[in-house]
Amino acid sequence: MIRFRSRSILVGSILAATLLTAALMAAPPTQLAAAQTAVDAPLQIAWEVRNRFRLFREERDFLLHAERGRDRSILASEQALELQSDGRGWARNMVNRLCIDLLGRVNEPCTRDNVKESYLTPADHPVVVQLTGAVPVGATCGWSFDDGDGPPRQQTFDCAEPVNLRVRYGRPTVATVDVSSGPDTPQRVASQIRVRDIFIAGLGDSIASGEGNPDRPISLSDDGFCFRSYLGTAAAQYYRPSRAGYKGGRACEAPDTLPNWQRNAALWFNSACHRSLYSYQTRTALALAVQYPHIAVTYLPLACTGATIADGLFGGQRVRECPPSKSNATCSAGVNGQLDELRDAVTAARRRMPDRQLDLVLLSIGANDIYFSGLVADVIVDTKTERALFRRTGVISSVDDSRTALARDLPQGFGKLREALKPLVGDLSRVVYVSYANPALANGGAPCPGGRAGFDIHPSFNADPQRLANVAAYVQNEFLPQLKALAQCQSGVLCRDPAADRMTFVESHQAAFANHGFCARSEADPPFDRECFSPKGESFDPDIVTSANQPMLCGRSAGEYRAYLPRTRWIRDANDSYFAAMTYPQGLPSAMQPADIHDATWGVLSAVYGGAVHPSAEGHAVMADAALPAAAAVLRLDAAEPIVTRGEPLAPTGAVQQ
């Protein structure tokens, strides 16, 4: 949910920020420092936008990604960052340094690097400028920056020094430098600086939001925490790792202490929707900013876990989880429809800046419309009691149920969505639909064999081989092809104007996932995974006496699990889901609400609703690698006109030469 928190923006402060004089860079430029030129190269003016992923309030966060992302794929960058953080994740501290707060409110204005900016309608952008090429040692540069509004800003520095300034958005700034070096004839170099600010929105469901990858994962305790089994006696209790810092009763007979429990929850940059900085949508928008130094990216994340087209895009939906706090008084029961949120944002932006346009929409939707979470539950919930209860409450769905919705409901929903997006984005090719990956494949595309491995977090879980094979085949042969047909007006899908109604469709990542489903394992996996997550599904101590103090059979501390280390599987299994997020699903219908924090229902849902059978951060990086070239092509970033730089002897009159 995105709300707008407005404060008055004084014209004087904007003008003051615009007219900031040049200063020496406090940190080396991300790309200028890497641009080595030959000693005989002509003099040129090089420039780039600083901290150009505008969701980040502090440049250090952008520089981390710019440094790790240089000459790397997004996947390679993610893996490097995972190792650098020792598996704790790069987002764990950045989550508190964004221009959108933890309740989903856009900060208007947002203070970025000590300057107040309008987030949706920036008046100016920070840039760094430097003279490159065969710069004479000790040469002096007289800089002039003219945006046509008042006298040019002028400064003189040693030519080896980069210059930092802010340039007006929506108009070019002519940069001119007079280069003086001893008795040599001075030279003048001129160029044009014009920042393109790209407005990107992310829409969709749990795959779009980044479900399964909390920005700050849960911390686990060595102690066990008691859950009940359905219709079970005291002997049917079982223990799993508890949350670190939890001070309440861990035994099943202990009273309900949910607020205490919630204070130690995993942290998302929007808990209500489980929005994560690791999502492919955020990584795609961030990668555009890293790769193209002359743009800025204004990114509006709206995707929400659990969303369908009807309940999530058009209409509101229930929250998934409330943010960690001393009370849940600030957590509403629902979130607004994403299309309404986007429409409000675009309207607000155009009110302040009439020519402000939505440049790109990243979209993944449809899985919940065909009951995909119900298919997952059908595969992994194995015991008769739980299956009967969950079938009665609608948690479990069959392939036939899904097939009916795929043929009847999803095409109608897609048609309505197409018509709703047109007024917002115009050309529907600017909607980049990123398809799902089949989560249950390994060994070149063979279905996972099933069993309890990766799912023994709950006693009733067991991935039934036949049901799993049926779902994997249905997803591969029916669901994914139908999504492509819907997005691209193919295979008899009715579109008013197929040429204008086709979305840009991304599916190249699917082949990569064929070796990295939830069952994929290798000796390269983290030691904790290899030692503690049993391939036989025997990871946890079944004895309720000993497991109360040490639930792991491997004898290692559950706190040693690292959610963000490179793994062979790019899909979270149920064990990963519990160990990374351990979600208490507060937004469920009353019929599904757990009675207390030891309840059997939560024992199931804490694993499933925290991201089981969803891409890991590596999986999202692979999806972003696939989406990035499509987004760049739609935005025509590689076809942009080059910035012309000219160098010539300084004219005797000293006039600026155009």
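The values are calculated or read from the model by the stated rules, or taken from the named source; none is laboratory data. What you see is a predicted model, and the numbers here were worked out from it, not measured in a lab. For neighbour counting, all protein chains shown are included, and Cβ atoms are generated from backbone atoms with ideal geometry for every residue, glycine included. Keep in mind that these areas ignore ligands, DNA and RNA; they rest on the heavy atoms of the full protein, side chains included. Shrake-Rupley method; radii C 1.70, N 1.55, O 1.52, S 1.80 Å.
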Quiz item: Does ALA244 satisfy the condition of being modelled with pLDDT of 95 or more, closer than 30 Å to ALA621 by Cα and touching a strand residue (DSSP E or B) at 6+ places or on another chain (Cβ under 6 Å)?
Solution: no
Quiz item: For segment 79-133, what are the residues that are part of a loop (DSSP other than H, G, I, E, B), open to solvent by 20 Å² or more (accessible area, probe 1.4 Å), in contact (Cβ under 8 Å) with a residue 60 or more places away in the chain and over 23 Å from ARG562 (Cβ atoms)?
Solution: ASP101, LEU102, LEU103, ASP113, ALA123
Self-check item: segment 545-569 residues that are within 25 Å of PRO214 (Cα to Cα), paired with ones that are among the hydroxyl-bearing types (Ser, Thr, Tyr) and open to solvent by 20 Å² or more (accessible area, probe 1.4 Å) (beta carbon under 6 Å, 6 or more apart)
Solution: PRO551/TYR239; THR568/SER522
Self-check item: Pair list, Cβ under 7 Å, 6 or more apart: segment 297-319 residue open to solvent by less than 10 Å² (accessible area, probe 1.4 Å), other residue β-branched (Val, Ile, Thr) and part of a loop (DSSP other than H, G, I, E, B)
Solution: LEU300/ILE2; LEU302/ILE2; ALA307/ILE365; ILE309/ILE365; LEU313/ILE365
Quiz item: Which residue pairs have Cβ atoms under 8 Å apart, sit 6 or more places apart or on different chains, and have a first residue in segment 527-539 that is in a loop (DSSP other than H, G, I, E, B) and a second that is among the hydroxyl-bearing types (Ser, Thr, Tyr) and surrounded by 15 or more Cβ atoms within 10 Å (Cβ to Cβ)?
Solution: PHE533/SER539
Quiz prompt | Candidates SER402, SER460, SER429, filtered to the one that is modelled with pLDDT of 95 or more and in contact with a Ser or Thr (Cβ under 7 Å, 6 or more places away or on another chain) | solution = SER429
Quiz prompt | Whichever residue in segment 155-171 is under 12 Å from PHE145 (Cα atoms) and either among the charged types (D, E, K, R) or in contact with an Asp or Glu (Cβ under 7 Å, 6 or more places away or on another chain) (or both) and, among such residues, is surrounded by the most Cβ atoms within 10 Å (Cβ to Cβ) | solution = ARG166
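Please go through segment 423-478 and give me each residue that is of a type in the set (Ser, Thr, Tyr) and either open to solvent by 10 Å² or more (accessible area, probe 1.4 Å) or more than 22 Å from GLY366 (Cα to Cα) (or both), ordered by number.
Residues satisfying the conditions are SER429, TYR436, SER460.
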Quiz prompt | Tally of residues being of a type in the set (A, V, I, L, M, F, W, C) and in contact with a helix residue (DSSP H, G or I) (Cβ under 9 Å, 6 or more places away or on another chain) across segment 99-129 | solution = 4
Quiz item: Which one of these is more than 19 Å from VAL106 (Cβ to Cβ) and at pLDDT 95 or above: ARG275, ARG283?
Solution: ARG283
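If I filter segment 309-330 for residues that are among the acidic types (Asp, Glu) and closer than 30 Å to ASN51 by Cα, do I get at least one hit?
Looking for residues that are among the acidic types (Asp, Glu) and closer than 30 Å to ASN51 by Cα, one finds none in segment 309-330, hence no.
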Self-check item: In segment 175-207, the residues that are β-branched (Val, Ile, Thr) and open to solvent by 40 Å² or more (accessible area, probe 1.4 Å)
Solution: THR185
Quiz item: Residues of segment 214-231 being part of a loop (DSSP other than H, G, I, E, B), open to solvent by 20 Å² or more (accessible area, probe 1.4 Å) and of a type outside the set (A, V, I, L, M, F, W, C), which ones?
Solution: PRO217, SER219, ARG228, SER229, TYR230
Quiz item: What single numbered condition from (1) under 32 Å from the mean Cα position of the chain (by Cα); (2) in a strand (DSSP E or B) fails to hold for ALA208?
Solution: (2)
